[in-house]
Amino acid sequence: MTTAIAALLSIFGVVVGAFLQNYFSRQNNEAKQLLESRNQAFIDFFEAVSLVVSAQRMGKKEQELEQLAKLTHEKARICMFGEESVVRHLAKFWETGASLETESEILAFTRFILDIRKSLGLKDKEFLNAEVSQLLFAIKPPRS
């Protein structure tokens, strides 16, 4: 009787172990796919932003319109895959005008980038607002 119970418990343990392994593997795979989708949406968004700005500066209206359409698509992807705070910062950037010409637009864009870094799990030891703005726009905003 005890050997039968031990055998049943062993089989039960193997089944539960296999189930748990499958469950955690599936959860890990879904999280990995979401992170990859987020990363690609962010990369494509920044590429579209730079192409729009470039087309605007060179006066190429047709290219600008193409890239604006791509930019709209990338914003939608961020709304789909991005964390709530990232979507909120993107909306705030768009509220300011989203042209990267004024100080408020540049600061909103910088906050958006910093929030993306945070959402990707990057643990910055210091507040990088000034450094990011300096790298992207060659300006130093006041520290908050």
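Rule-based calculations on the coordinates, nothing more; no lab input. Computed from a predicted structure; not experimentally measured. With ideal geometry, Cβ positions are generated from the backbone for all residues, glycine too; neighbour counts draw on all protein chains shown.
List, in the order given, every pair from 32/92; 60/92; 32/70; 75/118; 61/92 whose Cα-Cα distance in the structure shown is over 23 Å. Check vs 23 Å cut-off fails for 32/92; 60/92; 32/70; 61/92. Between the labelled values (i) 19; (ii) 42; (iii) 30, the entry that holds percent of Cα pairs over 26 Å apart as derived from this structure is (ii).
When each of the peptides 39-47, 59-67, 19-27 is scored by how many other beta carbons lie within 10 Å of its residues on average, the order from highest to lowest is 39-47, 59-67, 19-27.
Each Lys or Arg adds one and each Asp or Glu takes one away; over the other residues whose Cβ falls under 15 Å from the Cβ of residue 98, this sums to -1.
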